[in-house]
1. All but one of (1) modelled with pLDDT of 90 or more; (2) touching a Leu at 6+ places or on another chain (Cβ under 9 Å); (3) surrounded by fewer than 16 Cβ atoms within 10 Å (Cβ to Cβ); (4) within 19 Å of residue 110 (Cβ to Cβ) hold for residue 16; which doesn't?
2. Using the structure shown, decide if residue 105 is open to solvent by 20 Å² or more (accessible area, probe 1.4 Å), within 16 Å of residue 19 (Cβ to Cβ), among the charged types (D, E, K, R) and out of contact with any His (no Cβ under 8 Å at 6 or more places or on another chain).
3. Looking at 26, 47 in this structure, which one is closer than 19 Å to residue 115 by Cβ, touching a residue at least 60 places away in the same chain (Cβ under 8 Å) and open to solvent by 30 Å² or more (accessible area, probe 1.4 Å)?
4. Look through 77, 67, 100 and report the one residue that is open to solvent by 40 Å² or more (accessible area, probe 1.4 Å), of a type in the set (Gly, Ala, Ser) and not in a loop (DSSP other than H, G, I, E, B).
5. List, please: which pairs have Cβ atoms under 7 Å, are six or more places apart or on different chains, and start with a residue in segment 106-120 that is within 18 Å of residue 51 (Cα to Cα) and in a loop (DSSP other than H, G, I, E, B) and end with one that is hydroxyl-bearing (Ser, Thr, Tyr) and modelled with pLDDT of 90 or more?
6. For segment 30-46, check the following and say yes or no: at least one residue is out of contact with any Pro (no Cβ under 7 Å at 6 or more places or on another chain), charged (D, E, K, R) and more than 24 Å from residue 15 (Cβ to Cβ).
Amino acid sequence: MSMCSVNRPLQPGDPAPNIVLDAISREGKIALNDFRGRSPLLIGLFRGLHCPFCRRHVAAMAQLNPALRENGVECLAVVNTPVECARLYFRYHPMPHLLAASDPERASHRAFGLREVGMD
């Protein structure tokens, strides 16, 4: 997993970091660089699938995905849940059109300059 850290949140115009994460909704890895120059990308960074609010927002993102895709925007949900647990969750709560990635170490949060918050 690529990891870089910034001391402040990214600002408008700052390039997004290239994060490489384990895919949940398919096999392999997902790298932000794969989207660069292709289309706008909406990234949702979620605390984890243990959080009922995050589960609700991931489901909402999955529902919005077709409309966003129709307008040229791709979506990526990043959850701070180990990949095996996340795949099990998605098996019982399928969201077939949502691209999702696992980031249990919160590397994506650090790479985007988000502060650490208390976790379970």
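The values are calculated or read from the model by the stated rules, or taken from the named source; none is laboratory data. Bear in mind that the values here come from a model prediction, so they are computed numbers and not experimental data. Cβ coordinates were reconstructed from backbone atoms using ideal geometry, including for glycine residues, and neighbour counts include every protein chain displayed. Note: accessible area is taken over every heavy atom of the protein model, side chains too, but ligands, DNA and RNA are not part of it. Shrake-Rupley method; radii C 1.70, N 1.55, O 1.52, S 1.80 Å.
1. (1)
2. Details: open to solvent by 20 Å² or more (accessible area, probe 1.4 Å): yes; within 16 Å of residue 19 (Cβ to Cβ): yes; among the charged types (D, E, K, R): yes; out of contact with any His (no Cβ under 8 Å at 6 or more places or on another chain): yes.
The answer is yes for residue 105.
3. Working: 26 fails: closer than 19 Å to residue 115 by Cβ.
Matching residue, one of 26, 47: 47.
4. On the way: 77 fails: open to solvent by 40 Å² or more (accessible area, probe 1.4 Å); 100 fails: open to solvent by 40 Å² or more (accessible area, probe 1.4 Å).
Testing whether each residue is open to solvent by 40 Å² or more (accessible area, probe 1.4 Å), of a type in the set (Gly, Ala, Ser) and not in a loop (DSSP other than H, G, I, E, B) leaves just 67.
5. Within 7 Å, no pair qualifies.
6. no
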